[in-house]
Amino acid sequence: MNSLLAWAEQEGELGAGLKAATPKLPKKQLVVLEREEIQAMEDAAKTERDKLIIRVLGDTGVRLDELLTMRTGSVLEQPGVMGRYYLRVKGKGSKERDVPIMPALFRRLQRYIAKGRPSGADTDRLWIAHRRSRNGSLEPLASSGVQQMIRLTAKEAGIKKRTHPHLLRHSYATWALRQGMNPIQLADILGHNSLTMIQEVYAHLTPVDAYDAQARIFEDELRDK
């Protein structure tokens, strides 16, 4: 439509600067998993590898490709600071960032690296497929394997929602915002260059969430009164 208007302007049929208004589509309510549902999935997972994948996705919001490219050296402790742990991930554009994780998850990942990964793997990738390939080698876990595991584990846990790895990313971000995390910090954790995605994707947060956030700000004043 704008191309037609620009042509008509060049032909002298219309005034300058006319533009067609872009229609705004109604925003869909984003369905996410509650923390209890993520825990139910972890409980239903068959192996420690799968439990850890669910926990990492649910507690960090990393993308699936970022998860799959993690290596045994991606689980880090901040130098010189006790009790601060990170996952170093390679995001879009091969940009690296450090995603915070809690001590309990760090210790589980360290145990998995030391004792849980299949022996004989020819790679330092963190997540290894349980089944050997046709040539008998142990290879890194593929995207399709994680997607299938997440779908089947959610079904086993009795979750009726359409569950996939990216839903865990949305679920983490929604939970973090509801807990009062600064959107700028959240964008940094998720690997967003701006707040645009935060504003567009998580517009499903309700007025109740906004009220709760406001109440936390004024918590001290409300307590005094």
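The values are calculated or read from the model by the stated rules, or taken from the named source; none is laboratory data. Quick caveat: nothing in here was measured; it's all calculated off a predicted structure. Note: ideal-geometry Cβ built from the backbone for every residue, glycine included; neighbour counts use all protein chains shown. What goes into the accessible areas is simple: the full protein's heavy atoms, side chains included, and nothing from ligands, DNA or RNA. Shrake-Rupley method; radii C 1.70, N 1.55, O 1.52, S 1.80 Å.
Given the criterion under 18 Å from PRO165 (Cα atoms) and in contact with a strand residue (DSSP E or B) (Cβ under 6 Å, 6 or more places away or on another chain), identify the matching residue among THR60, THR47.
Working: THR47 fails: in contact with a strand residue (DSSP E or B) (Cβ under 6 Å, 6 or more places away or on another chain).
Unique residue meeting the criteria: THR60.
Only one of (1) of a type in the set (Gly, Ala, Ser); (2) in a loop (DSSP other than H, G, I, E, B); (3) open to solvent by 80 Å² or more (accessible area, probe 1.4 Å) is not met by GLY12, so which one is it?
Answer for GLY12: the failing condition is (3).
Using the structure shown, decide if LYS19 is free of Cβ contacts under 8 Å to residues at least 60 places away in the same chain and of a type in the set (Lys, Arg). Walk me through it before giving the result.
On the way: free of Cβ contacts under 8 Å to residues at least 60 places away in the same chain: yes; of a type in the set (Lys, Arg): yes.
Yes; evaluated as a whole, the condition is true for this residue.
Hey, ILE113 hits all of (1) buried (at least 17 other Cβ atoms within 10 Å of the Cβ); (2) not in a strand (DSSP E or B) but one; which does it fall short on?
Status for ILE113: all satisfied but (1).
Per-residue answers, yes or no, for (1) at pLDDT below 75; (2) of a type outside the set (Phe, Trp, Tyr); (3) surrounded by 10 or more Cβ atoms within 10 Å (Cβ to Cβ):
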residue: TRP175; (1), (2), (3): no, no, yes
residue: ASP188; (1), (2), (3): no, yes, yes
residue: SER194; (1), (2), (3): no, yes, no
residue: ALA213; (1), (2), (3): yes, yes, yes
residue: ILE217; (1), (2), (3): yes, yes, yes
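Inspect the stretch 119-132 for any residue being acidic (Asp, Glu), part of a strand (DSSP E or B) and more than 16 Å from GLU48 (Cα to Cα) and give the result as yes or no. Even if it seems obvious, please write down each step before you answer.
Within the stretch 119-132, the first condition is being acidic (Asp, Glu), and the residues that meet it are 122, 124.
Checking the rest, the ones that are also part of a strand (DSSP E or B) come to none.
No.
When only residues in the stretch 6-49 that are farther than 30 Å from ILE113 by Cβ and among the charged types (D, E, K, R) count, which is modelled with the lowest pLDDT?
Among those that are farther than 30 Å from ILE113 by Cβ and among the charged types (D, E, K, R), it is LYS27.
Residue-by-condition table, conditions (1) touching a Phe, Trp or Tyr at 6+ places or on another chain (Cβ under 7 Å); (2) open to solvent by 30 Å² or more (accessible area, probe 1.4 Å):
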position	(1), (2)
GLU48	yes, yes
VAL56	no, no
ARG63	no, no
LEU68	yes, no
VAL75	yes, no
LYS92	no, yes
LYS95	no, yes
PRO103	yes, yes
